[in-house]
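Okay, so here's the structure we're looking at.
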Amino acid sequence: MIYFIRRAGFLLATLWAAVTLNFLIPRLQPGDPAQALLSRLVGKTGVIDPDQLAAVRKMLGAPDGNLLAQYWDYLGALAHGQFGISYTYYPYSVGDVVAQAVPWTLMLVGVTQILSFVIGTLLGAWAAYRRNSRVDTVITLGSTFVGTLPFFWIALLLVFVFAISLNWFPEGGGYGGGSSPGWTWLFFSDAFQHSVLPAVALLITGPIGWIIGMRNNMVQTLGEDYARLARAKGLPRRRIALTYGARIAILPNVTGFAIALGSILGGTVLVESIFSYPGLGRLLLEAVTNKDFPLMQALFLFTTVGVLIANFLADMAYGLLDPRVRRTEAA
């Protein structure tokens, strides 16, 4: 119990620190978003009326007052689930903009992350179980070779072969111009076609780390004394591999998987930029480009909270899977 209480306290402390840093970091960036917006509108003349600048700042809901007052306003807005108005998508709120992008990222990157973890863990365990066999050689060398290929190169190659040359799939986007978002078969089939190439690109490179990590962990675990004792007692090889090898070897992968799930946003920027996919990664890129502070804050906060919660769940899983962790914490 002490282990779980300490982990919950650590989660709350890091969550407060993350929220505070999320408030401070955008305010340390140089430049005024209202001025940047007006500069694009006035064009070559470059003359900005101070009254117009003040009106635009008020229109965008730009923070005013001293830093402490802004901090309290920021905490109060967060408590009510308000993230402000998006400068890029004015007059839509940040919550509405993010809510429209979340399903796209979850369906593409979330599903492929889970599939990558399952495929990579199973292949890594199989390679360790068949150590020094032809299966082990093919899986290990194949994953090492694919792991050396840059993701963007694989993505661009898929687009060139299957979208441009063969014309089997769309080049990019979430759906075509002939359909509109809705609960219709036409939209879902269109969205599925648009998600095939980015999903394949993610599934080619995604399992590599899980394969290598699981294989090495399990080989090391099967060499421990308790595994040798189990073999000396005559336990079946498959049972030793599953109960003495895979159960312990999967623990580092669980932590890595939790972090990967929590940091989905960071991994989506590249894939969504290459395939013009309408998810959180493309939103983040637009927010940084346009100095959209409210949108940036919301996206960074979602990412941070996701990582913290995922780590907390991984710690809980650690405590449940390995009793030694709980005993060490309580000592």
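The values are calculated or read from the model by the stated rules, or taken from the named source; none is laboratory data. Here the structure is a predicted model, which means the values were calculated and not measured. Every residue, glycine as well, gets a Cβ built from its backbone with ideal geometry; the counts of neighbours run over all protein chains shown. Surface accessibility is based on the protein's heavy atoms, side chains included, excluding ligands, DNA and RNA. Shrake-Rupley method; radii C 1.70, N 1.55, O 1.52, S 1.80 Å.
Entry remark, the range 276-330: residues being open to solvent by 50 Å² or more (accessible area, probe 1.4 Å), more than 26 Å from GLN82 (Cα to Cα) and at pLDDT 75 or above number 2 in total. If I filter the range 166-189 for residues that are modelled with pLDDT under 85, open to solvent by 70 Å² or more (accessible area, probe 1.4 Å), under 30 Å from ILE259 (Cα atoms) and not acidic (Asp, Glu), do I get at least one hit? Looking for residues that are modelled with pLDDT under 85, open to solvent by 70 Å² or more (accessible area, probe 1.4 Å), under 30 Å from ILE259 (Cα atoms) and not acidic (Asp, Glu), one finds at least one in the range 166-189, hence yes. Every residue in the range 167-190 that is without any contact (Cβ under 8 Å) to a residue 60 or more places away in the chain and touching a Pro at 6+ places or on another chain (Cβ under 9 Å), please. Across the range 167-190, the qualifying residues are TYR175, GLY176, PHE187, ASP190.
Annotation note: Cβ proximity below 7 Å between a residue of the range 238-261 that is of a type in the set (Asp, Glu) and a residue that is open to solvent by 30 Å² or more (accessible area, probe 1.4 Å) and at pLDDT 75 or above (sequence gap 6+ or interchain) occurs for no pair.
Within the range 137-147, identify whether any single residue is modelled with pLDDT under 85 and under 22 Å from VAL109 (Cβ atoms), and answer yes or no.
yes
Counting the residues of the range 215-243 that are open to solvent by 60 Å² or more (accessible area, probe 1.4 Å) and in contact with a Lys or Arg (Cβ under 9 Å, 6 or more places away or on another chain) gives 2.
For LEU78, are the conditions met, namely being open to solvent by less than 50 Å² (accessible area, probe 1.4 Å) and either over 21 Å from the mean Cα position of the chain (by Cα) or at pLDDT 90 or above (or both)? Considered against the rule, which asks whether it is open to solvent by less than 50 Å² (accessible area, probe 1.4 Å) and either over 21 Å from the mean Cα position of the chain (by Cα) or at pLDDT 90 or above (or both), LEU78 comes out as yes. A single member of SER93, SER116 is polar (S, T, N, Q) and open to solvent by less than 20 Å² (accessible area, probe 1.4 Å), and it is SER116. Tell me which of these ILE212 doesn't satisfy, since it passes every other one: (1) under 15 Å from ALA128 (Cβ atoms); (2) open to solvent by less than 40 Å² (accessible area, probe 1.4 Å). Status for ILE212: all satisfied but (2).
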